[in-house]
Structures are given as C-alpha cells and as structure tokens.
Amino acid sequence: MAKDRLQITYLLNSGFIVESEVGRWALIFDAYRDMRGDVERALSSAEKVYFFVSHAHFDHFNPSIARYEKAAKFFLSEDIRSLYVSRRFPKEKTVWIGKYDGWKEEGLCIESFDSTDEGTSFLVEADGWRIFHAGDFNWWHWKNDSADAIGLARNGFFKQMKRIDGKNFDLAFFPADGRLEEARDWGAKEFCRRTDVKALITMHSVGYPRFSPGKDFFAQGKEIPVWAPTEPGEKRIYEKGSGFPE
C-alpha cells in the first residue's frame with residue numbers, strides 16, 4: 001500500500017481500523033466488537049498497533065482488548081480509569097487521555113477534545129496523516145426532549161465546535177445516528193462546514209439505512225467524499241486527493 005493511501009475497515013458502531021502502508025501501523029478506534037477477526041488480522045500484519053477508546057459506553061469499549069499483548073499502546077479516555085476493569089490494562093502501555101490532553105512520541109501525535117456525551121474525541125497525527133474520531137461528540141438533538149434539554153445540547157455542541165473551527169483533517173469519523181431522525185446529520189453537516197476535512201466517514205448508526213448526504217449537506221464549494229458503512233468487515237481504500245476509489 002502506498003504512503004498516500006490508507007485502508008479503513010468498519011468493525012461496528014463507531015469501531016474502525018485505519019492502516020497505513022503494510023507493515024507500519026494500525027490505529028484501532030472504539031473496537032467493542034470484532035465480528036470478522038479484523039482486529040486479529042491487523043495485529044498480525046502491522047508493526048505497531050494503537051488502540052483508542054473514546055469513552056466507557058458498552059458500544060464503544062470492550063475491556064477484553066486488554067488481552068492483545070502485541071498492542072503498542074492503549075489510549076483510554078479518563079472516564080474508564082475508575083472502572084474495575086481498567087486494572088486489566090498493562091500500566092506500561094496505557095495512556096489515560098482527558099479532555100484537551102496531548103501526547104507525542106516519534107511518528108505519533110495525539111490531541112483530545114471534549115465530547116457532548118461522555119469521554120473525549122481524538123485527533124491523531126501519524127506519518128503526516130491527520131485523523132479525527134469524534135467518539136460520541138455530536139449535536140444530540142432528541143426531538144422529544146424538553147426545550148431546555150434541546151437548548152443545552154445545541155449550546156454544548158456549538159461551544160465545542162469553537163475549539164475545532166478551521167482545523168484540517170484528512171479523514172474524520174463522525175456520527176450520523178438514525179435515531180435522531182431528521183436531525184441525523186445536523187452535527188456532521190456543521191462539522192464539515194466549519195472544518196477543512198478532506199473525507200467523511202459516518203458512524204453510530206447500527207440498524208438504520210445507509211446514510212447519504214442530502215443536497216444541502218455541503219456548503220457551496222466544500223463537497224467531499226463520504227463513506228457510510230453498515231456491514232462489519234466493509235473496507236475502503238482512501239487516497240489523498242482521490243477519496244475512496246472503487
């Protein structure tokens with residue numbers, strides 16, 4: 001695989017594997033379920049494998065990932081630290097990530113942001129790639145909520161967006177949750193309008209039809225490639241400047 005290409009594999013919900021050219025590294029996000037053995041495959045083929053967990057919700061965090069001895073590091077959101085199962089993770093390989101934290105080693109740089117639910121979101125830089133994983137950061141507009149709750153959700157989302165405004169990403173993983181109905185894409189739409197992201201991958205929509213951006217999703221002149229996986233094991237190659245070639 002060339003240096004200007006990544007392979008992305010969908011696990012489930014918000015779980016993804018991002019792999020660089022064969023043999024270098026793999027980033028594994030929110031791998032709460034590996035239904036097709038893709039995590040095992042990545043562990044066997046990459047020199048360094050890094051796990052990221054955005055928060056402790058069951059559909060993002062599976063403590064059994066601690067058994068992967070080949071993992072180079074586990075980057076775990078601070079809300080997991082208080083759980084008894086956090087003891088399973090090797091201290092020498094575990095990095096606890098809070099809101100607005102940073103971490104760096106040769107070839108890898110991590111910056112965290114707040115969430116509008118639990119835990120954190122991640123910006124990971126590796127070999128010149130800038131990859132954003134939102135976790136549960138989203139505009140959670142539940143139409144049956146009270147007016148106060150709806151207002152708080154909106155304000156929380158836009159407050160956090162001020163921290164992200166204008167940032168550039170090669171790839172962004174962002175929720176498009178079908179449970180939100182007509183508000184399904186509000187957060188992703190605003191995120192794409194206010195950042196310089198080259199490609200979007202939607203997540204957190206298990207059991208709903210495949211997401212497709214509407215005509216007004218993109219701001220004028222800002223249309224980008226979108227991939228909305230639904231089946232575990234789906235894969236795409238991402239090429240800089242070319243999107244997701246079939």
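Data overview
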| item | result |
| --- | --- |
| Odd one out for Asp148 among (1) under 15 Å from the mean Cα position of the chain (by Cα); (2) not aliphatic (A, V, I, L, M); (3) not in a loop (DSSP other than H, G, I, E, B) | (1) |
| Boolean, Ala66 is in a loop (DSSP other than H, G, I, E, B) and either at pLDDT below 95 or among the hydrophobic types (A, V, I, L, M, F, W, C) (or both) | no |
| Pairs where the first residue, in the stretch 23-41, is on the phi > 0 side of the Ramachandran plot and the second is among the acidic types (Asp, Glu), C-beta under 9 Å, 6+ apart | Gly23/Glu47; Asp30/Asp59 |
| Within the stretch 46-58, considering residues that are without any contact (Cβ under 8 Å) to a residue 60 or more places away in the chain and in a loop (DSSP other than H, G, I, E, B), the one farthest from Phe174 (Cα to Cα) | Glu47 |
| All positions within the stretch 30-45 that are in contact with a Gly (Cβ under 8 Å, 6 or more places away or on another chain), under 12 Å from Phe16 (Cβ atoms) and assigned to a helix (DSSP H, G or I) | Asp38 |
| Only one of Phe218, Phe244, Phe158, Phe169 that is in contact (Cβ under 8 Å) with a residue 40 or more places away in the chain and closer than 24 Å to Phe113 by Cα | Phe169 |
| Within the stretch 71-120, tally of residues that are surrounded by 15 or more Cβ atoms within 10 Å (Cβ to Cβ) and touching an Asp or Glu at 6+ places or on another chain (Cβ under 8 Å) | 16 |
| Yes/no for Trp96 being part of a strand (DSSP E or B) and either in contact with a helix residue (DSSP H, G or I) (Cβ under 7 Å, 6 or more places away or on another chain) or under 19 Å from Tyr10 (Cβ atoms) (or both) | yes |
| The stretch 14-32, residues that are farther than 14 Å from Tyr68 by Cα and out of contact with any His (no Cβ under 6 Å at 6 or more places or on another chain) | Gly15, Phe16, Ile17, Val18, Glu19, Ser20, Glu21, Val22, Gly23, Arg24, Trp25 |
| Within the stretch 1-24, tally of residues that are modelled with pLDDT of 90 or more and either surrounded by fewer than 17 Cβ atoms within 10 Å (Cβ to Cβ) or of a type in the set (Gly, Ala, Ser) (or both) | 4 |
| Complete set of residues in the stretch 101-115 that are assigned to a loop (DSSP other than H, G, I, E, B), more than 14 Å from the chain's Cα centre (by Cα) and touching a residue at least 40 places away in the same chain (Cβ under 8 Å) | Gly107 |
| Subset of the stretch 16-27 (residues that are touching a helix residue (DSSP H, G or I) at 6+ places or on another chain (Cβ under 9 Å) and within 17 Å of His204 (Cβ to Cβ)) | Ile17 |
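The values are calculated or read from the model by the stated rules, or taken from the named source; none is laboratory data. Predicted model, so just to flag it, every value in this text is computed and none were measured. All Cβ positions, even for glycine, are placed from backbone atoms using ideal geometry, and neighbour counts span all protein chains on display.
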